[in-house]
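First comes the structure, then the notes that go with it.
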């Protein structure tokens, strides 16, 4: 019985350790509607991790651009970011969409009023 209890405790410990190793990405500005250009800063709470991102909706990979300085946002776009540690994805990628009022008002197409 003691061995079973030790195994259960070990399993719980491993699960907690693995979950704690995953990271979230912090965005300096919320997604949504914006009226003025701004600098977007990405951060992670995971030590020794790097942040990689995409602007085309694809999931970031180890070959995606490395976040090294604030991203200057002045037009509508989606930013998808993830933390990597030693080339391994840590946690899920996070996406935020930034809409600029001028882009929304100037949309063209048959579904929009003239």
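The values are calculated or read from the model by the stated rules, or taken from the named source; none is laboratory data. Fair warning: this is a prediction, and the values are worked out from it, not measured in the lab. When we count neighbours, we look across all protein chains shown, and the Cβ atoms used for this are built from the backbone with ideal geometry, even at glycine.
A few remarks follow.
- Scan of the range 74-94 for residues that are surrounded by fewer than 18 Cβ atoms within 10 Å (Cβ to Cβ) and over 17 Å from residue 45 (Cβ atoms), ordered by number: 74, 75, 76, 77, 78, 87
- Residue match in the range 9-25 (condition: under 19 Å from residue 69 (Cβ atoms), surrounded by 12 or more Cβ atoms within 10 Å (Cβ to Cβ) and modelled with pLDDT of 50 or more): yes
- Apart from one condition, residue 54 fits all of (1) more than 19 Å from residue 28 (Cβ to Cβ); (2) surrounded by 13 or more Cβ atoms within 10 Å (Cβ to Cβ); the exception is (1).
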